[in-house]
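Down below is the structure, laid out as structure tokens.
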Amino acid sequence: MINILSVEHFLISFTGNEIYKLKVDGQSRILLTEIQVDAMSSTSSICSSNDADFIVDTRIPSTIRRDIDRFSVFINRLRATLDLNSSIVDGESMCVNVHASLEMVSESMRDLFKYSQFKTNPIILLSLQLVQAVKDLKFDTCSVDTTPVLNIIDQLESAVLNIILNRHIVSSVHHTPSRSSTLGRWKQNNSTDSYLRHNGAPNVVSQSLQRRHSTHQTHPDPNDQSTEKVMEIDKLLISRADGVDVAFERTKAWSTYSKDVIAYVRSRIQLEQDHARKVHALVDTSRRDINKPFMPLREIFENSFDTEVEMVTHTKETTEHLRDRVVEALDARRKEHDTVRNALKVEWTKAMKALHDTEEAYEKSKITLRMREEALKKARESCLRTESSPPEREASRRRRDLEKKNRAVEEAMIKKEEAERQVMTITAELRKKRRDIDKTKVSIYKN
């Protein structure tokens, strides 16, 4: 079966946490909701008819403790945002807060999925159901029904806590005198916070929770240098003459890469679905063939068939979720990315063309000014030669020649002044075009 978690983790990371982009700041540390006794006794393998004390294994890695701490904080933040009685802080809508908290929970779940003990079908399905339930909330109505989401949150917490109990808590040989006292002690210590406190895990997450994608940052993280790096890259691109071209080449490469990734994942999902259909057909055929009474190992084969059918069902649900919620989301973002990139490229091309046209006009105006200056110089020299020539001709004819040469000088002077005004106008326009280019650069880098 396809490694669903690795594919989904890669795609969500690849889109920059694209399904939901907002985060919420917060410092409160809230515990996991206590598991009901009946649910605990039915789902946890360590709960049995024998009452026993529970001892926390002290060899749990610090990374697991830290990730569980993060999950505890984020899941309760999501529960708090779904509380209709709580006020919305910072003027943000409930929709923004809920999706931001869900993104935090998704990040903490991806951290837990790095460990094999948490990579189980119940937790995977509950994680997907939580995302879908939040997506199905209708925030535009007068009353928002958050009960299904809260139920899924409780189930997800129970599943995570049961894994902690199964893997890292062992029963002692000392039995309690009564079942009620054991359950009472359990209800006081069954939270993830108690589990972490016994192991001495530092409360790193609760000290600073920062929303990376929101402009409102009440508690900035001093160790987060991603924004500074982005600003340094922007400054570097702005300082380069070919910075915009480099940026366009990089964005085009990202679009091509994401297209290839989408094609691969779609093909891989299709292969999984084809395999599941073939397995289902094989199960149907084999079930009919061995449908004979009193045959050896018949019950084992029937159980195997049921398992295969369940696997096929889970494969179909998971691949459809990947296609609808991850692949299609990434493809939609790629198309939006291409649309924005093409629009910015058209805008940049128009701005550069206007700048080049203005520069050409400026060069032509300077050439025209030089020609006017040379024509004026020649007219003045010709007039001076006529004035300094000996009076060999008639006075009236000489006077007409002087008047003609003076008029030529005046015309040359007027043309020169017009060329100078044209150069000044085009120079001002060229400065404006260059300022527009700088503004367009900044606008492109911001997008």
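We did not get these values from a lab; they are worked out from the coordinates using the rules stated. In this text the structure is predicted, and so the values were computed from the model without any measurement. All Cβ positions, even for glycine, are placed from backbone atoms using ideal geometry, and neighbour counts span all protein chains on display.
The phi-based Karplus calculation (6.51 cos²θ - 1.76 cosθ + 1.60; θ = phi - 60°) puts the 3J(HN,Hα) values of the range 232-246 at 5, 5, 4, 4, 5, 5, 5, 6, 8, 5, 9, x, 5, 4, 5 Hz, whole numbers, x for Gly and Pro. Each Lys and Arg Cβ is given +1 and each Asp and Glu Cβ -1; about its Cα centre, the range 346-446 then shows a dipole of about 120 debye. Summarising the amide proton neighbourhood of Ile290: residues at separation of 5 or more, or on other chains, whose placed amide H is nearer than 5 Å comprise an empty set. Couplings for the range 348-354, taken from phi via the Karplus curve 6.51 cos²θ - 1.76 cosθ + 1.60 with θ = phi - 60°, read 5, 4, 5, 5, 5, 5, 4 Hz in order; Gly and Pro are left as x. Placing +1 on the Cβ of every Lys and Arg and -1 on the Cβ of every Asp and Glu, with nothing else charged, gives the range 234-278 a dipole about its Cα centre of roughly 240 debye.
When each of the peptides 64-71, 363-370 is scored by how many other beta carbons lie within 10 Å of its residues on average, the order from highest to lowest is 64-71, 363-370. Other residues within the sphere of radius under 13 Å centred on the Cβ of Glu249, judged by their own Cβ, net out at +3 (K and R +1, D and E -1).
The string of couplings for the range 98-107 from the Karplus curve (6.51, -1.76, 1.60, θ = phi - 60°) is 5, 5, 5, 5, 5, 5, 4, 4, 4, 5 Hz, one whole number per residue in order, with x for Gly and Pro.
Across the range 346-446, counting alpha-carbon atoms alone, Rg and Dmax equal 22.4, 78 Å. When only the Cβ of Lys, Arg, Asp and Glu is charged (+1, +1, -1, -1), the dipole of the range 307-371 relative to its Cα centre reaches about 680 debye. log₁₀ I(q)/I(0) of the range 266-326 at q = 0.24, 0.26, 0.28 Å⁻¹, via Debye over equal Cα point scatterers, no solvent, to two decimals? Listed by q, the Debye log ratios stand at -0.92, -1.02, -1.11.
Using the Cβ of Arg435 as centre and a radius below 12 Å, the other residues enclosed give a net charge of +3, where K and R count +1 and D and E count -1. The residues packed around Met311, meaning those with a beta-carbon under 13 Å from its beta-carbon, carry a net charge of -2 if Lys and Arg are +1 and Asp and Glu are -1.
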